[in-house]
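In what follows, a single structure is set out as structure tokens and then discussed.
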Amino acid sequence: MSDDDDPAEESGTPEDADADEAEETELVPEVSAEDLDARLDEAAEALEAAETEADLDEVETDLDAVEEDLERADLPEPDEDDDDAEDPREELESRLSDLRDDLAEQRGPYAADVVDDVEGVQATLRDTRWTESGETDLPAVVDEFVAAVNDTLETDLARDGDDDPEALADALDEPVAAVEDADLDADEDADAIAALLEATDALETGVDDAEEWDDLLVHEQLRAQGFYDVLGHYKDFPPELAALKEHEQQGNVEMVLLALDSLGSEFMEEHCLDALTRMNDRGAFDAMHQRAQKRDQPSIRALGKMAAEDAVETLVEYVDSDKNPTLQKVTFKALGEIGHADAVQPLADKLVMDNDEVRPYAARALGLIGDTRAVEPLADVAADDEDDSVRASALWALRQIGTEDALETAAEYDDDRSFVVQTEAEKARDALDAETAEAAA
């Protein structure tokens with residue numbers, strides 16, 4: 001047997017076992033709840049007497065030691081059947097947590113706190129939409145802070161005089177750098193840090209008090225943007241509707257969109273969308289398309305009125321929304337008004353859908369588009385559909401396409417059993433006769 005196979009080394013000596021047992025005993029010291037509570041009392045007294053950061057560091061070290069022993073201590077468990085039974089571990093953990101909170105409050109303040117607060121103000125200056133009044137007030141607030149830093153640190157900082165919020169935020173970089181370069185000690189420079197924090201509080205308060213856009217009521221925002229300027233008075237009620245009508249008449253699509261975004265009532269939203277539909281202005285496309293992508297039907301209607309070909313891809317996605325026939329009707333009509341060839345096949349496929357209230361909309365949309373590829377499927381509808389209103393819509397569509405083939409197909413039904421179908425067929429026959437007469441002339 002080799003030395004490596006020595007059984008004494010494999011099993012360990014009795015001395016090794018004693019050492020392991022001693023080490024395990026050290027890792028699980030016999031600590032009572034009373035002992036830990038007494039040590040927390042001592043830490044509390046030391047915290048109250050602490051005068052320097054070093055004193056606080058010693059208290060923190062003591063608390064860490066108490067926490068470590070508490071985690072490993074074998075303390076009695078409360079009686080589960082007794083709701084009022086005390087839990088020594090829970091009580092000690094609560095005391096420890098409270099002392100750590102007190103320690104955190106007693107530390108500092110630090111120069112880093114000043115830097116963090118100023119950087120927060122810089123973010124506010126850059127990210128906030130300020131009113132004209134707010135922008136007027138901000139420069140003085142920043143100048144007061146810079147002056148306070150100069151007084152405290154004996155520096156000679158000055159900003160360049162640009163008063164817009166972004167420039168004011170940039171102007172605070174120099175005070176921040178000055179505070180960092182001063183390398184202030186929490187104990188030795190406590191008065192200076194306190195003065196800087198006081199100045200920082202005044203800076204935060206001043207910026208918070210400056211008027212920002214979100215502080216304004218909706219009608220104040222609209223007034224600030226000139227929405228009511230077209231009225232000259234507030235006699236009409238509500239003034240928002242009166243102003244909206246005037247902007248529609250003047251073709252001010254931007255103001256109508258402003259009202260749509262700002263006014264939260266369903267009443268005003270409906271009137272804004274109706275106005276945009278009547279205005280048929282491409283300037284409203286982006287706003288209407290964005291809303292249409294959320295299946296907003298008034299917006300889809302507006303896109304149809306403005307013949308927005310850029311919206312065809314979005315609208316075609318709704319053609320198969322069989323569970324929402326109202327959406328289909330609006331979409332079919334809009335696609336017909338837009339008149340893009342990409343909608344022909346999707347709409348033709350819906351000529352045989354089950355809903356006989358929606359099929360006529362598909363037929364009429366094909367008629368509005370006017371693509372000759374729709375003649376054959378429309379002819380099939382006229383011949384085979386069981387609903388006369390659908391058949392009449394197919395003949396109407398064929399008349400709108402207006403080719404000789406389409407008109408002849410429609411005219412074949414001039415003696416149809418259905419009056420509405422017969423009427424459309426007669427109109428197709430009249431159109432054919434008119435074309436023949438015009439050609440003969």
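Alpha-carbon geometry of the stretch 287-333: the Rg and the Dmax are 9.3, 27 Å, given in that order. Which angle from 0 to 90°, rounded to the nearest 10, does the C-alpha axis of helix 173-182 make with the longest principal axis of the chain? The angle comes out at about 10 degrees. Which whole-angstrom value gives the distance between the alpha carbon centres of the stretch 237-262 and the stretch 98-155? First find each Cα centre; the distance between them is then 42 Å.
Taking the three principal axes of the alpha carbon atoms in the stretch 138-188, the coordinate ranges are 38, 16, 15 Å, sorted in descending order.
Given Cα positions, please report Rg to Rh for the stretch 68-120, the hydrodynamic radius being the Kirkwood one.
Numbers: Rg = 18.5 Å, Rh = 14.4 Å.
Rg/Rh for the stretch 68-120 comes to 1.29.
Which value in Å does the Kirkwood hydrodynamic radius of the chain take, with 1/r averaged over all unlike C-alpha pairs and then inverted?
Values: mean 1/r = 0.0320 Å⁻¹.
Averaging 1/r across every pair of different Cα atoms and inverting gives 31.3 Å.
Radius of gyration over Kirkwood radius for the stretch 98-257, both on Cα atoms: the Rg/Rh ratio is 1.20.
Two decimals is fine: what is log10 I(q)/I(0) at q = 0.11, 0.15, 0.18 Å⁻¹ for the stretch 291-441, from a Debye sum with one equal scatterer on every Cα and no solvent? Scattering profile of the stretch 291-441, log10 relative to I(0): -0.41, -0.72, -0.95. The angle separating the long axis of helix 190-209 from the principal Cα axis of greatest extent in the chain is about 20 degrees. Label positions at Asp74 and Asp349, each projected 7 Å from the Cα along the C-beta direction, are separated by 7.5 nm.
Over the stretch 255-332, what lengths in whole Å, largest first, do the semi-axes of the equivalent ellipsoid take, defined as the square roots of 5 times the eigenvalues of the alpha-carbon gyration tensor?
Working: eigenvalues 89, 39, 19 Å².
Rounded to whole Å, the semi-axes are 21, 14, 10.
The fraction of Cα-Cα pairs per 10 angstrom bin, counted from 0 for the stretch 93-148, comes to 18, 32, 22, 17, 10, 1 percent, rounded to whole percents. Measure nothing but the geometry: give the 0 to 90° angle between the long axis through the Cα atoms of 266-279 and the longest principal axis through the Cα atoms of the chain, rounded to 10°. Approximately 50 degrees, to the nearest ten. Dividing the summed helix terms, -39500 (n - 2.57) for each DSSP H run of n ≥ 4, by the number of residues in the chain produces a 222 nm estimate of -21500 deg cm²/dmol to the nearest 500. Ranking of Tyr228, Tyr413 by solvent-accessible surface, largest first: Tyr413, Tyr228 (1.4 Å probe, protein heavy atoms only, all chains present).
The tail of the calculated P(r) for the stretch 364-429, taken as Cα-Cα distances beyond 20 Å, holds 11 percent of the pairs. Averaging the Cα positions of each part gives two centres, and for the stretch 338-411 and the stretch 162-230 these lie 66 Å apart. Set against the 2.2 N^0.38 Å expectation for a compact globular protein, the stretch 50-167 has a Cα radius of gyration ratio of 1.84. Each 10 Å bin from zero holds the following percent of Cα-Cα pairs in the stretch 199-290: 15, 42, 23, 11, 8, 1.
Mind putting a number on the dipole of the chain about its Cα centre? Charges go on the C-beta only, +1 for Lys and Arg and -1 for Asp and Glu, and I need it in Debye to the nearest 20.
Numbers: 31 positive and 137 negative charges, 1849 e Å.
Around 8880 debye, computed over the chain.
The values are calculated or read from the model by the stated rules, or taken from the named source; none is laboratory data. Please read all numbers here as calculations on a predicted model, not as lab measurements. We place every Cβ from the backbone using ideal geometry, glycine too, and count neighbours over all the protein chains shown. Areas reflect the complete protein model, heavy atoms only, side chains present, ligands, DNA and RNA absent. Shrake-Rupley method; radii C 1.70, N 1.55, O 1.52, S 1.80 Å.
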